[in-house]
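K.L.:
Please find one structure pasted underneath; my questions will follow.
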Amino acid sequence: MLSLERHEQLLAYLAEHRSIRVAEASKQLNVTEKTIRLDLEFLEEKNLIKRVHGGAVLAESETSLFPIKKRQESHGMKKQEIAEKAKASLVDHDVILIDGGSTSVAFASILGDQPLTVITNDILVASVLYDKEHIQLLMLGGARLGTTSALYSTETTSMLDSLYVKKAFIGATGVSLKNGLSVLNHQHIDWKKKIMAVGEQVTLLADSTKFGQTGLMKFADISELHSIISDSSLDLVTKKEIEALGINVQ
């Protein structure tokens, strides 16, 4: 089993059980305990977990990359600020694509008072838009990606080739000038790369805690974006470094 597969399986287990023991993981993944310890060390360096005696638990810090509901809720004001800025960038009859994630849901929840066409593959995003009179919703189907609210299949990305997307709003787990835009699950890679390719204007929606962080897998360089919308807590130095690449940062 490749290290990437082990890392994803360890994170999936922790997402459900919140803790794991080295001996238990060694048996489940059929590798040595030494290998598991090295895997856990790597994940801790990524700020995803915290090692404890004999195993590991989910990282609960404010800057942890792992999407823990409690921490997401604590960033509600940041996400609302981003949502309001993103909405302000829209004009009537825009055709937009909204990627999955809690910030995207916050964005979708305040839409509806102007005519828009919204494309998404996220169940939660779709659920807050489906009954809004002025929203023409196009839901892209597929199989559920792990425990997320995103649907995906090869047909999902193929459908995007035939659609016009004026403005694409994308999310990322980690945002780093050095390591680019990254996620935790390899299954999200193709979808996000496709969004980057079809969007006439591609905007990253990311709260300030995600900057300077790196997930497991990179899907794009920051320079491939047209703009970034974050919250007012974004470090000024980071903001200027990104703007130096010719990217608009709000």
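The values are calculated or read from the model by the stated rules, or taken from the named source; none is laboratory data. All of these numbers come straight from a predicted model, not from anything done at the bench. Backbone-built Cβ (ideal geometry, glycine too); neighbour counts: all protein chains shown.
K.L.:
Could you list, in sequence order, the residues of the stretch 200-229 that are of a type in the set (Gly, Ala, Ser) and more than 18 Å from residue 100 (Cβ to Cβ)?
P.N.:
Within the stretch 200-229, 208, 212, 223, 227 qualify.
K.L.:
Next question, about the same structure. Within the stretch 205-218, is there a residue that is without any contact (Cβ under 8 Å) to a residue 24 or more places away in the chain and either out of contact with any helix residue (DSSP H, G or I) (no Cβ under 9 Å at 6 or more places or on another chain) or not assigned by TED's automatic domain parsing to the domain that holds residue 176 (or both)?
P.N.:
no
K.L.:
Let me ask something additional. Within the stretch 107-124, can one find any residue that is among the β-branched types (Val, Ile, Thr), within 18 Å of the chain's Cα centre (by Cα) and modelled with pLDDT under 80?
P.N.:
No, the stretch 107-124 contains no residue that is among the β-branched types (Val, Ile, Thr), within 18 Å of the chain's Cα centre (by Cα) and modelled with pLDDT under 80.
K.L.:
With 28, 9 as the choices, which residue is exposed (fewer than 15 other Cβ atoms within 10 Å of the Cβ), touching a residue at least 12 places away in the same chain (Cβ under 8 Å) and either assigned to a helix (DSSP H, G or I) or touching a His at 6+ places or on another chain (Cβ under 8 Å) (or both)?
P.N.:
Just a single option satisfies the conditions, and that option is 28.
K.L.:
Select the strands (runs of 3 or more DSSP E) contained entirely in the stretch 185-239, then report the ones holding at least 1 residues which are within 20 Å of residue 106 (Cβ to Cβ).
P.N.:
In the stretch 185-239, the matching strands (runs of 3 or more DSSP E) lie at 199-205, 227-229.
K.L.:
Looking at 145, 163, 140, which one is under 15 Å from the mean Cα position of the chain (by Cα) and of a type in the set (A, V, I, L, M, F, W, C)?
P.N.:
Of 145, 163, 140, the one residue that is under 15 Å from the mean Cα position of the chain (by Cα) and of a type in the set (A, V, I, L, M, F, W, C) is 145.
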